[in-house]
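J.: Below you will find the structure I want to go over with you.
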Amino acid sequence: MSGQFKVLDLSGYMFSGKAAVSDLLREFKGIHVPNYRVEFDLLRISGGLIDLRHALDDWSPIRTHSALNRFEKTIKKLAATPGFPQKFYSTGYGYARLYPDIIECLEKFLTESVTLEWETPWPYDDLEDSGLATFVRKLLGRVGHNKMRHYRLTFPDAFYPAAQGFVHRILTRDLNVAEYGILVTHNALEPFDPGKNLVLLGEKAQCIVVDRDPRDIYATAITTQQGFNDNLEFYRRIAGAHDVDTFIKRYNLYRSMINDLSDRVLRVNFEDLVTNYQATVDNVCSFLELGRTDHQEPYKYFDPERSRHNMELWKLKELEIFKGDFQRIFEHCIPKKA
């Protein structure tokens, strides 16, 4: 399966222009691009595939078993859409609506990756028990009954092909993969050092990271924009834009953690895509090993002239009251590495 296509992850720093590259790629033959608001969280989320990989790379019979259990629980929570009354006290991301066979894919992953399993008392799992389960376990222990746990182990040689198969099966459901050479994900990885975990998306996987003038990121975060910031207080807080000093520190910390060592990661600036359109498109084509003829519908989804309106937002008259904030950002944000 993995030999027929490669996965391309698009990543950004929140309001940094990832949607523009997503729209651009829609214009190419042989690239499948989901809606830019559909983010593929199964890798980067706490307890996700990357955390499980870390436990495999630093192998331990204690931590690896625990990480496998945590991953299974995390995926099941991501898949769930709690009904009444569970929705009042449990959380789910509804991934089973996007990917109806996600649980089946999880079970196949566990079958392929687990190389050894048996029932055994395992005291480290006691830490995960609820108060009631702890009480019952201790009560039964007093009469000589040891609680058995389903103990599982995997190792890297089994894990990596199983992880790639897990991702590919989820992404290709209802797709005629013969039509596509590239399948796009949004924010499967993060923009700091995505090359480190590209292997989880497949041996040929690549990543494009998009960045933008920090003043325009801030301007977007503090204004309501349909499709990008349509819940102002919610997203402004996530971006740290409720306070300009918090925004600056967040921006600088994020950029200080960038690692540019991988040749399978391309970093572009939103402004270059607009003002140096053809050169940037050629750069993207070269990176993805595409020809200009593959760009069959130019300007259909991404028009650089229209997107000029999303540049230099910090100069807008209606944002003049934030002039001091924009000046502080200009003075204190470190140069962008993208």
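J.: Please go through the stretch 219-233 and pick out each residue that is outside any loop (DSSP other than H, G, I, E, B), modelled with pLDDT under 90 and within 18 Å of Tyr36 (Cβ to Cβ). It would help to see each step written out before you state the result.
T.: Going through the stretch 219-233, the residues outside any loop (DSSP other than H, G, I, E, B) turn out to be 219-221, 225, 229, 232-233.
Still in the list and also modelled with pLDDT under 90: 225, 229, 232-233.
Of everything in the stretch 219-233, those that are outside any loop (DSSP other than H, G, I, E, B), modelled with pLDDT under 90 and within 18 Å of Tyr36 (Cβ to Cβ) turn out to be Gln225, Asn229.
J.: Taking the condition of being open to solvent by 80 Å² or more (accessible area, probe 1.4 Å), part of a helix (DSSP H, G or I) and within 19 Å of Leu68 (Cβ to Cβ), how many residues in the stretch 124-150 meet it?
T.: Of the residues in the stretch 124-150, 3 are open to solvent by 80 Å² or more (accessible area, probe 1.4 Å), part of a helix (DSSP H, G or I) and within 19 Å of Leu68 (Cβ to Cβ).
J.: Further, regarding this structure: Spot the failing condition for Gly94; the list is (1) at pLDDT below 95; (2) under 14 Å from Leu42 (Cβ atoms); (3) open to solvent by 90 Å² or more (accessible area, probe 1.4 Å); (4) not aromatic (Phe, Trp, Tyr), and only one is missed.
T.: So Gly94 meets the others, but not (3).
J.: Related question: Return a yes/no flag: does the stretch 265-275 have any residue that is under 24 Å from Gln206 (Cα atoms), assigned to a loop (DSSP other than H, G, I, E, B) and either basic (Lys, Arg) or more than 26 Å from the chain's Cα centre (by Cα) (or both). So that I can check it myself, show each step before the final result.
T.: Step one: of the stretch 265-275, the residues under 24 Å from Gln206 (Cα atoms) are 265-274.
Subsequent filtering for residues that are assigned to a loop (DSSP other than H, G, I, E, B) retains none.
No; the residues of the stretch 265-275 include none that is under 24 Å from Gln206 (Cα atoms), assigned to a loop (DSSP other than H, G, I, E, B) and either basic (Lys, Arg) or more than 26 Å from the chain's Cα centre (by Cα) (or both).
J.: What are the residues in the stretch 275-286 that are farther than 16 Å from Glu27 by Cα and open to solvent by less than 40 Å² (accessible area, probe 1.4 Å), if any?
T.: Listed by number, the list is empty, since nothing qualifies.
J.: Continuing with this model, one more query. Is it the case that the stretch 265-285 has a residue that's touching a Cys at 6+ places or on another chain (Cβ under 8 Å) and closer than 30 Å to Tyr180 by Cβ? Quick ask: steps written out before the conclusion?
T.: Restricting attention to the stretch 265-285, the residues satisfying the condition of being touching a Cys at 6+ places or on another chain (Cβ under 8 Å) are 265-266.
From what is left, the residues that are closer than 30 Å to Tyr180 by Cβ are 265-266.
Looking through the stretch 265-285, at least one residue is touching a Cys at 6+ places or on another chain (Cβ under 8 Å) and closer than 30 Å to Tyr180 by Cβ.
J.: Would you point out the residue of the stretch 113-123, among those that are open to solvent by less than 70 Å² (accessible area, probe 1.4 Å) and more than 16 Å from Gly141 (Cβ to Cβ), that is farthest from the chain's Cα centre (by Cα)?
T.: Once the filter is applied, the top-ranked residue is Val114.
J.: May I ask you to say which residue of Asn197, Asn187 is at positive phi and modelled with pLDDT of 95 or more? Break it down into steps so the answer makes sense when it comes.
T.: Values: Asn197 fails: at positive phi.
The unique qualifying residue is Asn187.
J.: Limited to the stretch 200-218, what total is found for residues that are in a strand (DSSP E or B) and charged (D, E, K, R)?
T.: Counting residues in the stretch 200-218 that are in a strand (DSSP E or B) and charged (D, E, K, R) gives 1.
J.: May I ask you to say which residue of Asn69, Asn35 is farther than 22 Å from Asn283 by Cα, at pLDDT 95 or above and not small (Gly, Ala, Ser)? Reasoning before the result, please.
T.: On the way: Asn35 fails: at pLDDT 95 or above.
Going through Asn69, Asn35 in turn, just one is farther than 22 Å from Asn283 by Cα, at pLDDT 95 or above and not small (Gly, Ala, Ser): Asn69.
J.: May I ask you to list the residues in the stretch 290-338 that are open to solvent by less than 70 Å² (accessible area, probe 1.4 Å), of a type in the set (A, V, I, L, M, F, W, C) and assigned to a helix (DSSP H, G or I)?
T.: If the condition is that a residue be open to solvent by less than 70 Å² (accessible area, probe 1.4 Å), of a type in the set (A, V, I, L, M, F, W, C) and assigned to a helix (DSSP H, G or I), then Leu313, Trp314, Leu319, Phe322, Phe326, Ile329 are the ones that fit.
J.: Oh, and also: Take the residues in the stretch 249-271 that are among the acidic types (Asp, Glu) and under 24 Å from Lys6 (Cβ atoms), then tell me which one is least open to solvent (accessible area, probe 1.4 Å). Break it down into steps so the answer makes sense when it comes.
T.: The first filter runs over the stretch 249-271 and keeps only residues among the acidic types (Asp, Glu), leaving 260, 263, 271.
Now narrow it down to the ones that are under 24 Å from Lys6 (Cβ atoms): 260, 263.
Working: Asp260: 84, Asp263: 132 Å².
Only one residue fits best here, namely Asp260.
J.: Can we say Lys29 is of a type outside the set (Gly, Ala, Ser) and either more than 20 Å from the chain's Cα centre (by Cα) or at positive phi (or both)?
T.: In short, yes.
J.: Please identify the pairs in which a residue from the stretch 257-280 that is touching a residue at least 60 places away in the same chain (Cβ under 8 Å) and within 12 Å of Phe192 (Cβ to Cβ) has its Cβ atom under 6 Å from the Cβ atom of a residue that is open to solvent by 70 Å² or more (accessible area, probe 1.4 Å) and in a loop (DSSP other than H, G, I, E, B), counting only partners at least 6 apart or on another chain.
T.: Ile258/Lys337
J.: Can you work out which of the residues in the stretch 178-210 that are over 11 Å from Ile50 (Cα atoms) and among the small types (Gly, Ala, Ser) is most open to solvent (accessible area, probe 1.4 Å)?
T.: Within the stretch 178-210, the match that is most open to solvent (accessible area, probe 1.4 Å) is Ala178.
J.: Scan the stretch 36-90 for residues that are touching a residue at least 60 places away in the same chain (Cβ under 8 Å) and within 20 Å of Pro100 (Cα to Cα) and report the count.
T.: Of the residues in the stretch 36-90, 9 are touching a residue at least 60 places away in the same chain (Cβ under 8 Å) and within 20 Å of Pro100 (Cα to Cα).
J.: Suppose we filter Leu106, Leu175 for residues that are over 12 Å from His65 (Cβ atoms) and in a helix (DSSP H, G or I); which single one remains?
T.: Among Leu106, Leu175, only Leu106 is over 12 Å from His65 (Cβ atoms) and in a helix (DSSP H, G or I).
The values are calculated or read from the model by the stated rules, or taken from the named source; none is laboratory data. Keep in mind the model is a prediction, meaning the values are calculated, not measured. Methodologically, a virtual Cβ is constructed for each residue, glycine included, from the backbone with ideal geometry; neighbour enumeration extends over all protein chains shown. The protein model used for the area step is the full one, side chains on, heavy atoms only, and it has no ligands, DNA or RNA in it. Shrake-Rupley method; radii C 1.70, N 1.55, O 1.52, S 1.80 Å.
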